[in-house]
Amino acid sequence: MSTLNQLTISGLSNLLLRREVSAREAMVSCLERVQQIDDKVHAFLSIDNEDALAQADVADQAIANGGMAELPLLGVPIAIKDVLAVRNQPLGCASNILAGYRSPFDATVIEKIKAAGAVVFGRLNMDEFAMGSSTENSAFVTTRNPWDLSRVPGGSSGGSAAAVAADECFASLGSDTGGSIRQPAALCGCVGLKPTYGRVSRYGLVAFASSLDQIGPFTKDIQDSALLLNAISGLDPRDSTSVPEPVPDYTKALDGNIKGLKLGLPKEYMIDGLDPEVKTAVQNAVAQLEKLGAEVVEISLPHTDYAAATYYIIAPAEASANLARFDGIRYGTRVDGSDPAELYSRTRGNGFGPEVKRRIILGTYVLSSGYYDAFYLRAQKVRTLIREDFLKAFQTVDAIVTPTTPTAAFKVGEKSADPLHMYLSDIFTISCNLAGICGVSLPCGFTKNPQLPIGLQLLGKPFGEETILKLAHAYEQVSPWRHQKPPLR
Ligand code: GLN
């Protein structure tokens, strides 16, 4: 069996360029890997093999015509979270309410990676409508952590992280509203990047909380993360929140030179629930960064304590409005009723799972007259304070370094009965979305027994992706973690 699927994007591109392998062989190596292990990992909800191979053949034609020079992702198989629209493919958000729905168009990010030559394949499992931290809220199946099948891969983009970690694809795309890229990347041992709000168009992303949602890549290393960010960034007239900020070549920032960069360590992140092994791994990584020339200082983000409460008011409020469109009229399944109101309520009652219903109820409650000022308006004010904490910190530091998660991957079922406990697994990732800044998670070690990946989070200024990628890359070059593979067979 080929091990082509274990390569990074850059590794594969080199072989494609030299014509040592074909795009079809790369695609087949992923499909074989899926065949071999996905009945255990369950990263994918579905794959259209025929379509994937047809795209690979088109890529091989383009390679034969010399296309590798202009198309940075030519022939690279990239898998997609079930929340992003891909033309003629299912779009279900891992929900029963969208069963049978297929997208008539490509999301902007899909258009862009296809234009860069990528072979777009598969629908990756997730928490229903991206609400969750473990992928246990999928209406269909729980994705398993490739490092330990009794554990969760994190969420909501659990399928996206597991598929990359298990070498079922070369990279994937996911979405991050409160940590859904960085948290699963940390728990599965891959790289996950949440770009700045406005950096990447969300056109064609099914909206969860529109003031927080961002799309970003899951990759095997930082170089690939920069490559994908190059491809998906930029202004899009179809998303008015995307900005005209110029798109640099992010790979150019990866020069290993981090001398004199200032790193902030927020004292509020050293919480009681922080696992000692996670703490040690992060401290070691910080020491490495210092050795490489970065300067480390303690900083304060005084409103950190309020982030989770603020997020769990704003995100459900926006979700309750965004999900009003799923009423059985336009999309997916319909359960009939004797009048429209009954049709709506039966369709929604049957179609949405318990966590989605909990969020809609919470969201409509905090928006209702009488409670709006006390909850929603106040949460918006606290959000501003949280953003100001970061902007103030960034006047003295170039980036902030934290653990991505308080613990390594937890067991399937361990937190699913206790939503509040589950909500706290995003305690270190949520503020970044509230502040609209960028963040990346990369491997920084393993727990001992069992051996589970630990993630390091680097947070950057608005549009400071070059700086956090530069730091992450410098650390990655001197650390061994990315070369270890999960013990799956
Ligand atoms: N776990 C968080 C939630 O359930 C974040 C999810 C996300 O980023 N999509 O809301």
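Below are the figures for this structure:
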quantity	calculated
Of the criteria (1) in contact with a helix residue (DSSP H, G or I) (Cβ under 7 Å, 6 or more places away or on another chain); (2) assigned to a helix (DSSP H, G or I); (3) crowded, with 24+ Cβ neighbours inside 10 Å, which one residue 454 fails	(2)
Test: residue 479 is closer than 19 Å to residue 256 by Cα, open to solvent by 10 Å² or more (accessible area, probe 1.4 Å) and in a loop (DSSP other than H, G, I, E, B)	yes
Single residue of 113, 97 found to be under 23 Å from residue 221 (Cα atoms) and aliphatic (A, V, I, L, M)	113
Among residues of the range 263-280, those that are touching a residue at least 24 places away in the same chain (Cβ under 8 Å), over 22 Å from residue 449 (Cα atoms) and not in a strand (DSSP E or B), counted	4
Test: residue in the range 60-69 that is open to solvent by 70 Å² or more (accessible area, probe 1.4 Å), over 24 Å from the mean Cα position of the chain (by Cα) and small (Gly, Ala, Ser)	yes
Pair list, Cβ < 6 Å and 6+ apart or interchain, from the range 237-255 residues that are free of Cβ contacts under 8 Å to residues at least 40 places away in the same chain to residues that are assigned to a loop (DSSP other than H, G, I, E, B) and surrounded by 11 or more Cβ atoms within 10 Å (Cβ to Cβ)	244/235; 247/234
Qualifying residue in the range 88-109 (condition: part of a helix (DSSP H, G or I), out of contact with any helix residue (DSSP H, G or I) (no Cβ under 6 Å at 6 or more places or on another chain), within 23 Å of residue 132 (Cβ to Cβ) and in contact (Cβ under 8 Å) with a residue 12 or more places away in the chain)	yes
So residue 226, is it within 15 Å of the chain's Cα centre (by Cα) and either more than 16 Å from the ligand (Cβ to nearest atom) or of a type in the set (Lys, Arg) (or both)	yes
Those residues of the range 217-237 which are over 14 Å from residue 465 (Cα atoms) and of a type outside the set (A, V, I, L, M), in sequence order	218, 219, 220, 221, 236, 237
The range 307-327, subset under 12 Å from residue 430 (Cα atoms), hydrophobic (A, V, I, L, M, F, W, C) and within 10 Å of the ligand (Cβ to nearest atom), residue nearest to the chain's Cα centre (by Cα)	315
Hits in the range 109-131 - residues which are more than 17 Å from residue 172 (Cβ to Cβ) and touching a Ser or Thr at 6+ places or on another chain (Cβ under 8 Å)	128, 129, 131
Residue among 148, 106 that alone is charged (D, E, K, R) and under 25 Å from residue 9 (Cβ atoms)	106
Yes/no for residue 305 being surrounded by fewer than 20 Cβ atoms within 10 Å (Cβ to Cβ) and assigned to a loop (DSSP other than H, G, I, E, B)	no
The lone exception for residue 13 - which of (1) open to solvent by 10 Å² or more (accessible area, probe 1.4 Å); (2) part of a helix (DSSP H, G or I); (3) more than 29 Å from residue 180 (Cα to Cα) it fails	(3)
Only one of 214, 283 that is touching a residue at least 60 places away in the same chain (Cβ under 8 Å), closer than 19 Å to residue 458 by Cα and not basic (Lys, Arg)	214
Among residues of the range 138-150, those that are in contact with a Pro (Cβ under 8 Å, 6 or more places away or on another chain) and open to solvent by 10 Å² or more (accessible area, probe 1.4 Å), counted	3
Where residue 449 falls short, out of the listed (1) surrounded by fewer than 23 Cβ atoms within 10 Å (Cβ to Cβ); (2) closer than 22 Å to residue 279 by Cα; (3) within 21 Å of the chain's Cα centre (by Cα)	(3)
Meets criteria (part of a loop (DSSP other than H, G, I, E, B), under 30 Å from residue 71 (Cβ atoms) and of a type outside the set (A, V, I, L, M, F, W, C)) for residue 117	yes
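The values are calculated or read from the model by the stated rules, or taken from the named source; none is laboratory data. Everything numeric in this text was worked out from a predicted model, so none of it was measured. Neighbour counts are summed over all protein chains in view; Cβ atoms, including those assigned to glycine, are modelled from backbone coordinates with ideal geometry. Accessible surface areas use protein heavy atoms only, side chains included; no ligands, DNA or RNA. Shrake-Rupley method; radii C 1.70, N 1.55, O 1.52, S 1.80 Å.
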